[in-house]
1. Look at P85 and say whether it is open to solvent by less than 20 Å² (accessible area, probe 1.4 Å) and within 27 Å of G179 (Cβ to Cβ).
2. State all residues of region 122-132 that are open to solvent by 30 Å² or more (accessible area, probe 1.4 Å), within 13 Å of the ligand (Cβ to nearest atom) and part of a helix (DSSP H, G or I); if no residue qualifies, say none.
3. Mind listing just one residue for me: the one in region 162-215 that is closer than 17 Å to L394 by Cβ and touching a Phe, Trp or Tyr at 6+ places or on another chain (Cβ under 9 Å) and, of those, most open to solvent (accessible area, probe 1.4 Å)?
4. Which of the residues that make up region 96-121 are buried (at least 20 other Cβ atoms within 10 Å of the Cβ), assigned to a helix (DSSP H, G or I) and of a type in the set (A, V, I, L, M)?
5. E61 passes all but one of (1) open to solvent by less than 50 Å² (accessible area, probe 1.4 Å); (2) at pLDDT below 95; (3) not β-branched (V, I, T); which number fails?
Amino acid sequence: MDKPKVVLGVSGGIAAYKACELLRRFTESGHEVRVVPTASALHFVGAATWSALSGNPVSTEVWDDVHEVPHVRIGQHADLVVVAPATADMLAKAAHGLADDLLTNTLLTARCPVVFAPAMHTEMWEHPATQENVATLRRRGAVVVEPAVGRLTGVDTGKGRLPDPGEIFEVCRRVLARGVREPDLAGRHVVVSAGGTREPLDPVRFLGNRSSGKQGYALARTAAARGARVTLLSANPSLPDPAGVDVVRVGTAVELREAVLRAAADADAVVMAAAVADFRPAAYATGKIKKKDGQEPAPIALVRNPDILAEISGNRSRPEQVVVGFAAETDDVLANGRAKLKRKGCDLLVVNEVGERKTFGAEENEAVVLAADGSETPVPYGPKEDLAETVWDLVAARLA
Ligand SMILES: Cc1cc2nc3c(=O)[nH]c(=O)nc-3n(C[C@H](O)[C@H](O)[C@H](O)COP(=O)(O)O)c2cc1C
């Protein structure tokens, strides 16, 4: 099979160096990459780097290798064009159809999906000119990844940072696999919880669980790609922030409850994918619990944690809000799932069996989504993003 052909456009922002990592991810996962930098981008990272890492010639102008008509061919033959970083200038040129260098010509000749990953100072990003250009590009079907919040050039911080290259790669991989989807969650606010809560015993120990957060992060990433404003309540995973998602960090079940109630106030959907501890230690020792010679340790008394899923299902902040729970089961999986759906009062319950290559920590999952109306949607073994897409399909149908 031919390798997928990716054009990596790089425009002249300080984050151009991060595109080297993005390039490596593409080449190492079997993509053929042609890098098309702008002249400004070469002030930041030289042509030799792009050429050596991609194994292909690099040019910024339409006037090189004219017999091959590169200003037309590169775009026509691409399966995906991704511009990372995309400067304010590049977004403006793309929105208005300018074609004064090789990258802007390529953007006009490409008939494949196009992804822009903007990066710039907050003022440039928030300027109405940039916002209108982004809206124009999105309306025409381009995927424009929301910039991250964080450290910018110099001492400034704010929105405008290029998302982690691994996250841009994930967006591109999905767009290549599925094409550009209708943004059917545009204008919706969704809340997703992910990871596993930790219940402290003393300053160095906690009771936790094996949740990696990967399913919740897949839900957040796919909802953002479908146009939603996403609040991700993240309990202790060690994963990079998904692009274009507001991440709120929580530790314990009690903290998660507070964060869910706050975020759910104006949410259209709440998806509780986090593994929430049912119990927590009754007492917290402010000093480290020590071994004592000749003595067995004292038993750990536990108290119940709040049942967040039942609480938000029973007290919806908006009548049309859709609430989704998760159940990881080891025995009588479906029977336990059906009983849990009734008990909790949520609209959908994703039931998965705890197993070797699925659920906790794995990249893949397999589940049945049970609905309060009695319907059941099996999701075959596959990437956690496939399960996430099915959940959003079911949520979007209920919101519509
Ligand atoms: C040090 C430095 C850093 C810059 N960083 C950015 C940036 O992050 N985002 C941006 O939109 N422009 C940035 N610019 C401005 C662009 O380089 C400038 O608008 C240029 O015309 C962009 O050209 P291009 O879009 O053809 O690459 C920076 C300029 C300098 C000198």
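1. Numbers: open to solvent by less than 20 Å² (accessible area, probe 1.4 Å): yes; within 27 Å of G179 (Cβ to Cβ): yes.
Against the criterion (open to solvent by less than 20 Å² (accessible area, probe 1.4 Å) and within 27 Å of G179 (Cβ to Cβ)), P85 qualifies.
2. E123, M124, E126, A129
3. D184
4. If the condition is that a residue be buried (at least 20 other Cβ atoms within 10 Å of the Cβ), assigned to a helix (DSSP H, G or I) and of a type in the set (A, V, I, L, M), then L102, L103, L107 are the ones that fit.
5. It is condition (1) that E61 fails.
The values are calculated or read from the model by the stated rules, or taken from the named source; none is laboratory data. Source: prediction; values computed, not measured. A quick note on method: Cβ atoms are made from the backbone with ideal geometry, for glycine too, and the neighbour counts reach across all protein chains shown. The area values use the complete protein model at the heavy-atom level, side chains included, leaving out ligands, DNA and RNA. Shrake-Rupley method; radii C 1.70, N 1.55, O 1.52, S 1.80 Å.
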